[in-house]
Amino acid sequence: MSKPVTIRDVKVILTAPEGINLVIVKIETSEPGLYGLGCATFTQRYLMVKVAIEDYLRDFLIGKDVANIEDIWQSCMVNSYWRNGPALNNALSGVDMALWDIAGKRAGMPVYDLLGGKTREAAAIYRHADGKSVGEVEENVRKFMEQGLLYIRCQMGGYGGRIHEIQTPKGALPGAYFDPNAYMRDTVRLFEHMRSKVGNEIELLHDVHERLAPIEAVRLSKNLEPYRLFFLEDALAPESVDWFRIMRAQSATPIAMGELFTHPQEWLPLITERLIDFIRCHISTIGGITPAKKLAHLCEAFGIRTAWHGPGDVSPVGHAANLHLDLSSANFGVQEWWGPTEIIYEMFPGTPELRQGYIYPSDKPGLGIDIDEALAAKYPCDNTQSIRPTGWTTARTPDGGSWRP
Ligand code: MG
């Protein structure tokens, strides 16, 4: 038997090419020139992930056989005893994806082939159309339609809707204010407009981003029913998922859930009770490709499709991992896509490419993506980015109360 290839070093690369903090893990091996990349991006607390990898996982991993992805995943998960939090899960994801990347490179095969092979040639994506008025949203939807997009998410005035005149108490604290009632009215009006103007050939989606009280979310889901959404995204906060039973009983609007999930107990009941239609976890935040593939298989048995989270705070390495899962999953639904700028393709050669509504992977072995580390170093992360008192995560209702973002 040949000598095993082992982990020689584990490095963390921090970069913000588009102003969003990204965390990339690079695993170097005992075989010269053989390395893997993984996404460990927890953009709001990226330094915690760096510490988790450099000061804890690195020494635990050095010398281990790179072939033992499952055992490394299981043992890293419980090495801290306490587990399933976003910082540790992201750290583990960086390691897990890098090991899948290495496995593919050793086999000379793309990761989707290791995961069972392609079920389709490319993944249909959706992008986010916004605007200050229904007309402006319509204009942006039409621009995407001209580019060949088949799925478009419509929002008006960002998450939580346009800021109307709101009456706040004197001395109300700073924050990202929104008005739930105005948001609900505007959203129904928006979809009424879209269906009457752009018709039924295009798939439309909407993201509530947890900005409603549970009963309001139920009502919105009912009121949107006539406009045949492809799905309604994150209608409830993870703390309120029991309400999906009530939403399900009242409305046939398809439900997509899960970008904030970190613990298997959050998704298990929703799947086994068939309370959602799409699972849309943030792959790095649940621990990487290994748990995501298992989750996709579980969902398949219950008729639930995948729609993995794919915003700008997933690194291009994470987007590549999403795509390998999409292509190899029989129950793939749709993939969120952020529209990378030029710098991304320069810094991350092999980033998936969008053509006429579908993204295509590079055909290189592994995840098929690389990083220009010298270029990455020219775009440092900014640790003040996530702690501004008026940032979008400091959501507030009109009376100044703190709300789930
Ligand atoms: Mg979302």
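Which ones in the stretch 31-79 are touching a residue at least 24 places away in the same chain (Cβ under 8 Å) and more than 25 Å from the chain's Cα centre (by Cα)? Even if it seems obvious, please write down each step before you answer.
Taking the stretch 31-79 as the starting set, the residues that turn out to be touching a residue at least 24 places away in the same chain (Cβ under 8 Å) are 31, 34-50, 52-54, 56-58, 61-67, 69-70, 72-73, 77.
Matches in the stretch 31-79: E31, L34, Y56, R58, L61, I62, G63, K64, D65, V66, A67.
Residue-wise test of (1) more than 20 Å from D130 (Cβ to Cβ); (2) within 16 Å of the ligand (Cβ to nearest atom); (3) hydrophobic (A, V, I, L, M, F, W, C).
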residue	(1), (2), (3)
S196	no, no, no
E201	yes, no, no
E210	no, yes, no
R228	yes, no, no
L232	no, yes, yes
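Can you confirm whether the stretch 314-328 contains a residue that is within 14 Å of the ligand (Cβ to nearest atom), of a type in the set (A, V, I, L, M, F, W, C) and touching a Phe, Trp or Tyr at 6+ places or on another chain (Cβ under 7 Å)?
no
Just one of the numbered conditions (1) without any contact (Cβ under 8 Å) to a residue 60 or more places away in the chain; (2) aliphatic (A, V, I, L, M); (3) assigned to a helix (DSSP H, G or I); (4) surrounded by fewer than 24 Cβ atoms within 10 Å (Cβ to Cβ) is not true of L275; which one?
(3)
I need the full set of residues from the stretch 328-360 which are within 19 Å of the chain's Cα centre (by Cα) and without any contact (Cβ under 8 Å) to a residue 12 or more places away in the chain, in order please.
Result: E353, single match.
Just one of T394, T384, T341 is among the polar types (S, T, N, Q), more than 16 Å from the ligand (Cβ to nearest atom), touching a Gly at 6+ places or on another chain (Cβ under 9 Å) and more than 21 Å from N89 (Cα to Cα); which is it?
T394
Consider Y151 carefully, then state whether it is within 29 Å of G333 (Cβ to Cβ) and among the aromatic types (F, W, Y). Talk me through it step by step, then tell me what you get.
On the way: within 29 Å of G333 (Cβ to Cβ): yes; among the aromatic types (F, W, Y): yes.
So Y151 fits the description; yes.
Can you name the residue in the stretch 121-135 that is under 16 Å from L205 (Cβ atoms) and among the aliphatic types (A, V, I, L, M) and, of all such residues, is surrounded by the most Cβ atoms within 10 Å (Cβ to Cβ)?
A123
Considering only the stretch 250-271, how many residues are outside any loop (DSSP other than H, G, I, E, B) and among the acidic types (D, E)?
Total satisfying the criteria: 1.
Hey, any hits in the stretch 162-182 for a residue that's farther than 16 Å from M247 by Cβ, more than 16 Å from the ligand (Cβ to nearest atom), modelled with pLDDT of 95 or more and under 27 Å from the mean Cα position of the chain (by Cα)?
no
N223 - would you say it is surrounded by fewer than 18 Cβ atoms within 10 Å (Cβ to Cβ), under 20 Å from A124 (Cβ atoms) and either away from the ligand (no atom under 16 Å from the Cβ) or at pLDDT 95 or above (or both)?
no
The values are calculated or read from the model by the stated rules, or taken from the named source; none is laboratory data. Predicted model, so just to flag it, every value in this text is computed and none were measured. Neighbour counts are summed over all protein chains in view; Cβ atoms, including those assigned to glycine, are modelled from backbone coordinates with ideal geometry.
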